[in-house]
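Each value in this text was obtained by applying a stated rule to the coordinates, not by laboratory testing. Bear in mind that the values here come from a model prediction, so they are computed numbers and not experimental data. Please note: Cβ atoms are built from the backbone with ideal geometry, for glycine as well, and neighbour counts cover all protein chains shown.
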Amino acid sequence: MYPDRVLSGMRPTGKLHLGHHHGVLRNWVKLQSEYECFFMVADWHALTTSYDDVSIIEKSTWDMVIDWLAAGVDPAQATIFIQSRVPEHAELHLALSMITPLSWLERVPTYKDQIEKMAHKDLGTYGFLGYPLLQAADILLYRGNLVPVGEDQVPHVEITREIARRFNHVFGKEPGFEEKARDAVKKIGGKKSKLYEELRTRYQQEGDVEALESARALLADSQNISHGDRERLFGYLEGGGKMILPESQPLLTEAARMPGLDGNKMSKSYNNTISLREDAESVTKKIRQMPTDPARVRRTDAGDPEKCPVWQLHQVYSDSNVRDWVMQGCKSAGIGCLDCKQPVIDGVLAEQKPMFERAQPYLEDPTLVKSIVADGCERAREVARETMREVKEAMGLNY
Ligand code: TRP
Ligand code: SF4
């Protein structure tokens with residue numbers, strides 16, 4: 001019914017690192033040539049946890065957008081915009097809040113998790129509870145059915161789907177839908193009408209999926225009802241009516257686990273990152289200082305790459321020839337650890353080179369970035385306005 005559309009976002013929390021590049025941005029760059037894509041700076045979301053220190057948000061936003069551009073996100077293909085500059089996000093969030101049960105939000109696994117993890121902050125706020133609902137608004141505003149996210153965000157895409165369903169159910173009915181549907185049930189005729197009712201009740205009250213299947217088969221078999229009635233009865237089965245907001249699904253990024261400098265997943269909280277545009281000297285130093293197999297105390301001690309975080313980076317940056325050379329040289333003490341690290345250093349620097357080049361014009365002239373974002377916000381708003389028009393109409397706010 002709607003064309004496939006991708007929406008994703010990132011909170012502006014500071015400069016991005018190579019983990020973001022491998023885990024997220026490479027995927028965005030691929031998607032932008034396959035679908036209509038909207039990439040959003042989730043600054044309202046950043047405020048849900050950083051409301052006590054807003055000083056970094058603006059700089060983080062511009063740094064992050066430059067990192068996106070550096071990684072190859074192309075404003076000629078994708079729409080890059082800032083959430084708070086499209087006020088319809090806040091508006092749809094409010095609209096959806098009317099029909100979102102509190103229990104759905106309290107049940108989201110990240111909710112209690114994060115409150116515990118960030119115990120030093122007071123996250124007992126309304127805004128933080130509403131985090132997934134705001135995310136649902138982000139997605140539904142663009143009728144984005146495809147949402148590229150990591151594993152941790154899947155529950156947020158799921159709740160988005162449930163909210164869309166509920167919205168369509170509550171507001172998506174044509175005038176007199178229930179009545180028309182009930183009339184249509186009678187038209188199926190005799191025993192079959194009664195069976196349809198029974199199956200519908202079993203599905204709606206007990207979630208019995210087999211009952212749903214049987215009822216669908218029954219409808220498909222009923223020759224004596226009109227096309228319109230049949231569609232109504234399909235919708236009535238699931239409690240649906242007209243679809244205003246499409247149901248979204250996560251597009252799971254193929255697990256590109258980017259190891260950090262200590263062998264754990266690269267993450268700011270582990271302090272083991274290399275930033276996307278880190279200067280060559282610092283990259284070299286960080287990799288040279290990486291821990292290695294603890295058994296290799298002296299140059300003459302043999303080691304085991306499996307016990308060394310540098311080896312994990314070779315998986316990302318080296319071809320099989322180099323990896324054979326490492327395996328062999330490490331186990332026989334034929335190479336030193338600094339020799340071994342050099343191809344990784346070279347690999348990281350080579351990966352960063354085009355990113356520096358792409359970032360350069362934006363660093364020289366920041367108005368370029370601002371104008372890309374201004375265009376993006378404009379384009380995003382056009383879509384957002386149209387969705388809100390339909391949402392408001394369905395909610396009786398059609399003045
Ligand atoms: N919650 C997401 C994260 O922390 C960021 C985000 C906000 C997002 N709105 C979104 C992601 C909409 C996908 C779609 O990573
Ligand atoms: Fe690690 Fe390479 Fe040193 Fe072996 S030679 S311990 S793989 S850095």
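log₁₀ I(q)/I(0) of region 31-156 at q = 0.10, 0.12, 0.17 Å⁻¹, via Debye over equal Cα point scatterers, no solvent, to two decimals? For region 31-156, the Cα-only Debye profile gives -0.35, -0.51, -1.03. Checking the cross-link pairs Lys15/Lys286; Lys15/Lys370; Lys265/Lys286; Lys285/Lys370; Lys121/Lys286 against a 22 Å limit on the alpha carbon distance flags Lys285/Lys370; Lys121/Lys286 as lying beyond it. In terms of the mean number of neighbouring beta-carbon atoms within 10 Å, the peptides 13-25, 315-327, 217-229, 275-287 order highest first as 13-25, 275-287, 315-327, 217-229.
Dipole size in debye (nearest 20) for region 144-271 around its Cα centre, Lys and Arg Cβ +1, Asp and Glu Cβ -1? Each step should come with its number before you reach the end.
On the way: 20 positive and 21 negative charges, 85 e Å.
Here region 144-271 has a charge dipole of around 400 debye.
Measuring from a point 7 Å past the Cα of Glu351 along Cα-to-C-beta, which residues in region 21-52 have an amide N at less than 18 Å? Only 21-31 fall inside the zone, counting backbone N under 18 Å. Reported to the nearest whole Å, the Cα centre-to-centre distance from region 335-399 to region 180-227 is 49.
Apply 1/(1 + (r/R0)^6) to the Cβ-Cβ distance of Val54 and Arg182, taking R0 = 51 Å, and write down the FRET efficiency to the nearest 0.05.
Efficiency computed from Cβ-Cβ geometry: 0.40.
Among the chymotrypsin sites (Phe, Trp or Tyr not before Pro) within region 3-82, those in coil by DSSP and having at most 15 neighbouring Cβ atoms inside 10 Å are Tyr51.
With a Förster radius of 45 Å, plug the Cβ-Cβ distance of Glu34 and Asp122 into 1/(1 + (r/R0)^6) and report the FRET value to the nearest 0.05.
On the way: r = 42 Å, r/R0 = 0.94.
For R0 = 45 Å, the calculated efficiency reads 0.60.
The loop-placed GluC sites (Glu not before Pro) in region 1-91, going by DSSP, that have at most 14 neighbouring Cβ atoms within 10 Å of their Cβ come out as Glu34.
Counting only DSSP beta bridges with both residues in the chain, what percent are antiparallel, rounded to the nearest 5? Can you show the working numbers first?
Details: 2 of 18 bridges.
Roughly 10 percent of the beta bridges in the chain run antiparallel, per DSSP.
Per residue, the Cα convex hull of the chain amounts to 186 Å³. Think of it as helices only: each DSSP H run of n ≥ 4 in the chain is worth -39500 (n - 2.57), and spread over all residues that comes to -18000 deg cm²/dmol at 222 nm. Looking at region 272-399, the pairs of alpha carbons with a distance over 26 Å make up 49% of the total. Legend: helices of the chain (whole DSSP H runs) are marked when their alpha-carbon atoms reach 30 angstrom or more along the helix axis and their mean Kyte-Doolittle hydropathy is at least -1.0; marked are 337-364, 366-394.
A DSSP coil position with no more than 13 other Cβ atoms inside 10 Å describes none of the chymotrypsin sites (Phe, Trp or Tyr not before Pro) in region 94-141.
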